[in-house]
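Enquirer: So that we are looking at the same thing, I have put the structure below in structure tokens.
Just so it is clear, none of the values below were taken in a lab; they were calculated from the coordinates. Just so it is clear, the model here is predicted, and its values are computed rather than measured. Please note: Cβ atoms are built from the backbone with ideal geometry, for glycine as well, and neighbour counts cover all protein chains shown.
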């Protein structure tokens, strides 16, 4: 429902400067495409040129961020943290879909499942034996919930996600479409020229406020649990092997692969396409930069890059040196020619 700029400012702890505080806002957009009736944000100096031609009705901006040549109809929403204020505006203007309590007629629930009264279970979802689903959770169409699974409050399992047996989800967990939680870990022993499967009898435990992206796989532990700590966010197409221990508020970006029995400590960041070998510890707050391959432990707070990964500064110096190799090779060739000429002269 549209609200006035003044109402939006009050909701988001912002002060209105210029524009028409009574103008209505119905949605949000980026600064380059926003139109009348929309709110946007300006948090990076590289987007300042867009403000001169911005057609939005309002724009969140930091208190110490100065701009000029503003359109006459643009109201600035000045605040301490425009990114967080914009998030509040998004949640208000574009609320997430709510699911009224319901169990679809085509859903399949085992008689032993314990489902809270205000749970939504969509068409063709399957809920196995001795499953517990707490209040406010939504299991969307076609999702599969295996046996002995526990799902906390206010979770959302998107269409066609698969939750294998014995998985435990905390409260406010989001599992996106195509994600597979609790499949067998990749464990084999080579005997008599055959790969003999090691039974994977552990489970996956995911703590509160974790979000798992589409088509991500988190394998069950071989014996114990694969654990994802509270507040961690996992992007699409991430592979997390068996028996990993992921700490709190960890970020794993798309196409990251983590081998088995690793420890990823709190606040660590694994950037896109990074790869972690087995039995490695990534220290608290460490950053593994994009497309890096980590074969050994990374200290807390370190930033590593490359394959094999090493300290970022060292890796950058090596990259710069490599870029100069063609020029150096030319110089060496010229020196060789001069030396050969001198030797022939003798």
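Enquirer: Using a Förster distance of 45 angstrom, determine the FRET efficiency expected from the C-beta separation of residue 17 and residue 318, and round it to 0.05.
Expert: According to the calculation, E is roughly 0.35.
Enquirer: In addition: With 10 angstrom as the radius, rank 11, 60, 190 by how many other C-beta atoms surround their C-beta, starting from the fewest.
Expert: Ascending Cβ contact count within 10 Å gives the list 190, 11, 60.
Enquirer: Given an 8 Å cut-off on Cα distances and at least 6 residues of separation, report the relative contact order of region 102-313 as a percent.
Expert: Relative contact order for region 102-313 comes out at 9 percent.
Enquirer: Next question. Beta carbons within 10 angstrom, averaged per residue: use that to sort the peptides 245-251, 53-59, 73-79, highest first.
Expert: With the highest mean Cβ count within 10 Å placed first, the list reads 53-59, 73-79, 245-251.
Enquirer: Same structure again: Only counting other Cβ atoms within 10 Å, I'd like 329, 289 sorted with the fewest neighbours first.
Expert: Lowest count first: 329, 289.
Enquirer: How big is the shadow of the Cα convex hull of region 1-152, averaged over all directions, in nm²?
Expert: With the hull built on Cα positions only, its mean projection is 11.3 nm².
Enquirer: Using only Cα atoms, locate the centre of region 257-329 and the centre of region 21-94, then give the distance between them in Å, rounded to an integer.
Expert: Cα centroid to Cα centroid, the span is 37 Å.
Enquirer: With no solvent and one equal point scatterer placed on each C-alpha of region 102-151, evaluate the Debye formula and give log10 I(q)/I(0) for q = 0.21 Å⁻¹, two decimals.
Expert: Here the Debye-derived log intensity ratios amount to -0.59.
Enquirer: Obtain the nm distance between the two label points defined at residue 197 and residue 102 by a simple spin-label model: each point lies 7 Å from its Cα along the Cα-to-C-beta direction.
Expert: Between residue 197 and residue 102, the label points sit 3.9 nm apart.
Enquirer: On each of the three principal axes of the Cα atoms of region 102-313, give max minus min coordinate, whole Å, ordered largest first.
Expert: Computed over the Cα atoms, the extents are 58, 43, 22 Å.
Enquirer: In deg cm²/dmol and to the nearest 500, what is the mean residue ellipticity at 222 nm of the chain if only DSSP H runs of at least 4 residues count, each as -39500 (n - 2.57), divided by the residue total?
Expert: -5000 deg cm²/dmol
Enquirer: Okay, moving on. Quick check: pseudo-label points 7 Å beyond the Cα along Cα→Cβ at residue 30 and residue 44, how many nm apart are they?
Expert: 0.9
Enquirer: Per Stokes-Einstein, at 37 °C and 0.692 mPa s, what whole-number D in µm² s⁻¹ belongs to region 87-207, with the Kirkwood radius over Cα pairs as the hydrodynamic radius?
Expert: 213
Enquirer: Right, another one. Using the Cα atoms of region 3-93 to build a convex hull, what is its mean projected area in square nanometres?
Expert: Directional mean of the projected Cα hull area for region 3-93 stands at 4.7 nm².
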